[in-house]
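What follows is a single structure, written as structure tokens, with notes after it.
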Amino acid sequence: NAGVTQTPKFQVLKTGQSMTLQCAQDMNHNSMYWYRQDPGMGLRLIYYSASEGTTDKGEVPNGYNVSRLNKREFSLRLESAAPSQTSVYFCASSEIRTYQETQYFGPGTRLLVL
Amino acid sequence: AQSVAQPEDQVNVAEGNPLTVKCTYSVSGNPYLFWYVQYPNRGLQFLLKYITGDNLVKGSYGFEAEFNKSQTSFHLKKPSALVSDSALYFCAVRESYGGATNKLIFGTGTLLAVQP
């Protein structure tokens, strides 16, 4: 099993450009998450999807949109990138049964917005 | 609201010495607590979790964590540090209980530096 995969690994954008970050998991998990990691701030939740067909805002959703394409895939879109969105983005997945709450993370996407 | 605090930005320890990375939490209800590790340029890896049961939880790579309800702490420990343990460590708490998601609230991270 590959676990959680993310593409691309690294991206440079100009202010105002758009892009979509892709995430896929092969663990048959119901829930998926998008985080951003910034120095000194830990991980902050952008959006999450409790199950296929549902999405909800997390702590820092402004400037982002998401799509839960199917059970495996959860994409994050930046419609008009801003320098403040320079960050490392992580996708994660988990089950939702009690005692199965562990989240499994992808390798991350480093995004630089100029 | 649930929260976690990691009071130390960095912990320095000599190889072979015991290490402790501190975490305190605030929850309404029973806590579900986690430790994750992040090696350079990698995603987070699960180390261990406390859901219920024994206060001493054993995890991957020889790490363990002690749950202390009276002190609301969940410190990560290892009896003998290795240089390869040098990484960024995150404590996390589950945000809500009985709901349809397992949202986690992460601490700001503690950088562990093990000197040879």
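Overview of values
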item	result
Sites residue A:19 and residue B:10 - FRET efficiency at Förster radius 30 Å, r taken between beta-carbons, to 0.05	0.35
Nearest-20 debye value, the protein assembly as shown charge dipole, Cβ charges on Lys, Arg, Asp, Glu	320 debye
Cα→Cβ-extended label distance, 7 Å offset, between residue A:80 and residue B:70, nm	5.7 nm
Per-pair calculated FRET efficiency, R0 = 30 Å: residue A:102 and residue B:17 via Cβ, rounded to 0.05	0.55
Solvent-accessible area buried by pairing A with B, both sides, nearest 100 square angstrom, 1.4 angstrom probe	1900 Å²
Relative contact order (%) - criterion: Cα under 8 Å, at least six apart; region: the range B:1-64	23 percent
Options B:106, B:31, B:67, ranked by Cα towards positive dipole end of chain B, top entry (Cβ charges)	B:31
Chain B - Kirkwood radius from inverse mean 1/r over Cα pairs (Å)	14.3 Å
Spin-label zone in the range B:1-19 - amide nitrogen under 11 Å from a point set 7 Å from the Cα of residue B:28 along the C-beta vector	B:1-2
D (Stokes-Einstein, µm²/s), Kirkwood Cα radius, the protein assembly as shown, 1.567 mPa s at 4 °C	71 µm²/s
Expected-Rg normalisation [2.2 N^0.38 Å, Cα atoms] applied to the range A:1-68	1.19
For the range B:39-55, Karplus couplings with θ = phi - 60° (6.51, -1.76, 1.60), whole Hz, Gly/Pro x	7, x, 6, 10, x, 6, 10, 5, 9, 6, 8, 10, 10, 6, x, 4, 6
Of B:49/B:103; B:49/B:77; A:9/B:49; B:22/B:78; B:49/B:69, pairs whose Cα-Cα distance is over 23 Å	A:9/B:49
Viscosity 0.692 mPa s, 37 °C: Kirkwood-radius Stokes-Einstein D of chain A over Cα pairs, µm²/s	234 µm²/s
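The values are calculated or read from the model by the stated rules, or taken from the named source; none is laboratory data. Since this is a predicted model, take the numbers as computed values, not measurements. Using ideal geometry, Cβ is built from the backbone for each residue, glycine included, and neighbour counts are taken over all protein chains shown. Protein only, heavy atoms only, side chains kept; ligands, DNA and RNA dropped before computing areas. Shrake-Rupley method; radii C 1.70, N 1.55, O 1.52, S 1.80 Å.
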